[in-house]
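A.B. asks: The structure follows.
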Amino acid sequence: MQVWTRLFAKSPFKPLIKHAEVVVKTVETLDKAIEACCEGRYEEMRRLAIEVDEIEDMADRIKEELRDSLGPRLMMAVPREDILIYLHMQDKVADSAEDTAKWLLVKTSKLPEEVKPLILEMSGKSVEAAREVHRAIIQMDRIIESGFSDREIEKAHEIIGNIENIEKEVDELDTKLMEVVFKQEEKLSWAEGLYILNVARTLSNISDKAKDAAERIRVMMSK
């Protein structure tokens, strides 16, 4: 019996927690790369951006192993399809971090001072979102173990609410950043503006995907 099969047999969410840990590491490493970029440490930025790609590859490998191990014969408290959908959404959080890292590798560009605080805050909020997804899947495991107790479900709803609030905050920061970029249009080249906006867009996708994962947990609890 494969290790993932043994884990699923014990709890359907233990392997998802392991995957979530790698997802969090992907986003945390991206945050360090963003910080290095804002501080002009471009060699370190590139090293960290490459590391993001490597960690995301690890998350993909774990995801494929989980899919292969999650056979129809396994008896679980929630439908197999829901778990697979959740796994896909959780993995998208790491994918979005990788997308941002790719933009950091495309061009070594000095960010305008007005942009840096917004990018750094968006990055920090992205880490918060990923960590809350990790908390949410741990809580879903507790819900299963408790037999869907109301108290444990209430805790999960609180975490989901946190993720939704973070996503709203990131959206607001993204809007502010766009305003700053367009106010700087006479100072920035087309390529520089495109670069900044795409770094911001892919960063905001992290919390978007975290929200999607949280919504799937809400669906699983309702069943």
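The values are calculated or read from the model by the stated rules, or taken from the named source; none is laboratory data. All figures in this text were calculated on a predicted structure; none of them were measured in a lab. Using ideal geometry, Cβ is built from the backbone for each residue, glycine included, and neighbour counts are taken over all protein chains shown.
A.B. asks: Which of the residues belonging to the stretch 169-221 are among the basic types (Lys, Arg) and either part of a helix (DSSP H, G or I) or under 15 Å from the mean Cα position of the chain (by Cα) (or both)? Spell out the reasoning first.
C.D. replies: Of all residues in the stretch 169-221, those among the basic types (Lys, Arg) come to 176, 183, 187, 201, 209, 211, 216, 218.
The answer is 176, 183, 201, 209, 211, 216, 218.
A.B. asks: While we're on this one: Considering the stretch 100-111 alone, what residues qualify as being assigned to a loop (DSSP other than H, G, I, E, B) and surrounded by 15 or more Cβ atoms within 10 Å (Cβ to Cβ)? First the steps, then the outcome.
C.D. replies: Kept after step one, since they are assigned to a loop (DSSP other than H, G, I, E, B), are these residues of the stretch 100-111: 107-111.
Matches in the stretch 100-111: 109, 111.
A.B. asks: Based on what the data block shows, is residue 39 closer than 20 Å to residue 119 by Cα, surrounded by fewer than 15 Cβ atoms within 10 Å (Cβ to Cβ) and at pLDDT 90 or above?
C.D. replies: On the way: closer than 20 Å to residue 119 by Cα: yes; surrounded by fewer than 15 Cβ atoms within 10 Å (Cβ to Cβ): yes; at pLDDT 90 or above: yes.
It is true that residue 39 is closer than 20 Å to residue 119 by Cα, surrounded by fewer than 15 Cβ atoms within 10 Å (Cβ to Cβ) and at pLDDT 90 or above.
A.B. asks: If you don't mind, another one. With (1) modelled with pLDDT of 95 or more; (2) more than 30 Å from residue 106 (Cα to Cα); (3) hydroxyl-bearing (Ser, Thr, Tyr) as the list, and residue 26 as the residue in question, which single condition is left unmet?
C.D. replies: Among (1) modelled with pLDDT of 95 or more; (2) more than 30 Å from residue 106 (Cα to Cα); (3) hydroxyl-bearing (Ser, Thr, Tyr), residue 26 violates only (2).
A.B. asks: Same structure, new question: Could you pull out the residue among 129, 191, 156, 136 that is touching a residue at least 60 places away in the same chain (Cβ under 8 Å), closer than 14 Å to residue 208 by Cα and among the hydrophobic types (A, V, I, L, M, F, W, C)? Outline the logic, then answer.
C.D. replies: Values: 191 fails: closer than 14 Å to residue 208 by Cα; 156 fails: closer than 14 Å to residue 208 by Cα; 136 fails: closer than 14 Å to residue 208 by Cα.
Unique residue meeting the criteria: 129.
A.B. asks: Taking the condition of being surrounded by fewer than 21 Cβ atoms within 10 Å (Cβ to Cβ) and assigned to a helix (DSSP H, G or I), how many residues in the stretch 140-158 meet it?
C.D. replies: Taking the stretch 140-158 and keeping what is surrounded by fewer than 21 Cβ atoms within 10 Å (Cβ to Cβ), we get 141-142, 144-155, 157-158.
Pick out the ones that are also assigned to a helix (DSSP H, G or I) and you get 141-142, 144-145, 150-155, 157-158.
Number satisfying all stated conditions: 12.
A.B. asks: Residue pairs, Cβ under 7 Å, 6 or more apart or interchain, first in the stretch 56-74 and more than 20 Å from residue 26 (Cα to Cα), second modelled with pLDDT of 75 or more and in a helix (DSSP H, G or I). List them.
C.D. replies: Pairs that qualify, where the first residue is more than 20 Å from residue 26 (Cα to Cα) and the partner is modelled with pLDDT of 75 or more and in a helix (DSSP H, G or I), are 67/84; 70/80; 70/83; 70/84; 72/80.
A.B. asks: I would also like to ask the following. Return the residue satisfying two criteria in turn: it lies in the stretch 159-173 and is of a type in the set (Asp, Glu) and surrounded by fewer than 19 Cβ atoms within 10 Å (Cβ to Cβ), and of such residues it is farthest from residue 121 (Cα to Cα).
C.D. replies: 164
A.B. asks: Of the residues that make up the stretch 55-68, is at least one at pLDDT 90 or above, over 21 Å from residue 18 (Cα atoms) and in a helix (DSSP H, G or I)?
C.D. replies: No; the residues of the stretch 55-68 include none that is at pLDDT 90 or above, over 21 Å from residue 18 (Cα atoms) and in a helix (DSSP H, G or I).
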